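Only the coordinates and a few stated rules stand behind these numbers; no lab work does. This is a predicted model, so every value here is computed, not measured. Quick reminder, even Gly has a Cβ in these numbers, built from the backbone with ideal geometry, and neighbours come from all protein chains shown.
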Amino acid sequence: MLKGRLGLDSAKVPHADRAGCLYLARGALTARDGTLAFVQGETTAGDALDPGEYAIPLQGVSIILLGPGSTVSHDALRLLAHARTALAAVGEDGVRLYTAPPMIPDRSGLARLQARIWADDDLRVMTARRMYALRLGEVLPHADLNVLRGIEGARVKETYALHAQRVGIRWQGRRYDRADPMSADLPNQALNHASSAIEAAAAIAVCATATIPQLGFIHEDPGQSFVLDVADLYRETVTIPCAFKAAKLVADRPAENIERATRRLTGAALSRQGIIPDMIERIRALIEGRS
């Protein structure tokens, strides 16, 4: 039995013993009898929960992802803060990250390891090589990041062409104007939208692991460098396939909106393939030196 009206005297479960994340949408997250409850409202096709009230394992997850059509009470926020369970407002299936308060993790081990690896030139390059190996299926012998980036760029060009041929769309190369992204052709627009969705998922995973988004191993200057590193691990398996499927869909049905179609297909892939939990595990494995 938890002590106090909101259970604020209860012990905290270490994040190492928790599940990664829990996605909730179209309902109200509130406090009931010292713990969390989610009142599921009207559902749409694909929702995991039927209408009704559900007890939420407050200390059983590291982060709760609150999707569209949801609200959260003040008492629920107090419970979450005490349990050190993060809450993020996200788009459908995690294709956008709107806001997430600091997680205040119970351990700083991953962040300290990440900083140590990042600050050591040899360890940083070794980690970058491991990340490229996850994508390319082989450990490249090169120790120069620019050489690794060049090899990766050539492989990605081949992947673009192969997927375009597979789905039956015209591909003229990766071209878009950052100042006018809507001027790009359908495949390039779809790649932009799919990339944004995967980056949001990666931002959620980085938040859930309490790692440092600024300290990337491949990307260097952006404030979300590590987020971009993690997102790139899924470029060939999620970003490109979803983008080209969306481009083909809109090419065949011009009334469809390319951004909406891409976000819907990418969100479905994130949910179906368990991408965010997989990102969390990969982050831990990379930083802890596991294969």
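Structure data summary
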| item | result |
| --- | --- |
| The stretch 165-291 - charge dipole about Cα centre, Lys and Arg +1 at Cβ, Asp and Glu -1, debye rounded to 20 | 540 debye |
| Within the chain, helix-based [θ] at 222 nm, where runs of 4 or more DSSP H residues each add -39,500 (n - 2.57), nearest 500 | -15000 deg cm²/dmol |
| Least to most buried among T99, T237 (fewest other Cβ within 10 Å first) | T99, T237 |
| Cα gyration tensor shape of the stretch 175-291, rounded if a/c is under 1.5, else prolate or oblate by comparing a/b with b/c | prolate |
| Cα gyration tensor, the stretch 78-175 - rounded (a/c under 1.5), prolate or oblate | oblate |
| Mean Cβ count within 10 Å, highest first, over the residues of peptides 20-32, 151-163 | 20-32, 151-163 |
| Only Lys, Arg (+1) and Asp, Glu (-1) charged, at Cβ; the stretch 128-168 dipole about Cα centre in debye | 100 debye |
| Inter-part distance where the stretch 135-189 and the stretch 222-272 are each reduced to a Cα centre, Å | 14 Å |
| For the chain: rounded, prolate or oblate by the Cα gyration tensor [a/c cutoff 1.5] | oblate |
| Ranked S195, S73, criterion: other C-beta atoms within 10 Å, fewest first | S73, S195 |
| The stretch 109-288, relative contact order [Cα under 8 Å, separation at least 6], % | 26 percent |
| Neighbour-limited loop hits for trypsin sites (Lys or Arg not before Pro), the stretch 167-244 (at most 12 other Cβ within 10 Å; DSSP other than H, G, I, E, B) | R170, R175, R178 |
| Among A255, V227, I240 - extreme Cα towards positive end, dipole of the stretch 109-288, charges at beta-carbon | A255 |
| Lys, Arg +1 and Asp, Glu -1 on Cβ, resulting dipole of the chain about Cα centre, debye, nearest 20 | 160 debye |
| Along each principal axis, Cα extent of the stretch 15-90, largest first, Å | 33, 24, 18 |
| Ranking of H142, H193 by count of other Cβ atoms within 10 Å, fewest first | H142, H193 |
| Relative contact order, percent, the stretch 15-90 [alpha-carbon distance under 8 Å, six or more residues apart] | 37 percent |
| Cut-off under 5 Å, modelled amide H: who pairs with R96 long-range | G91 |
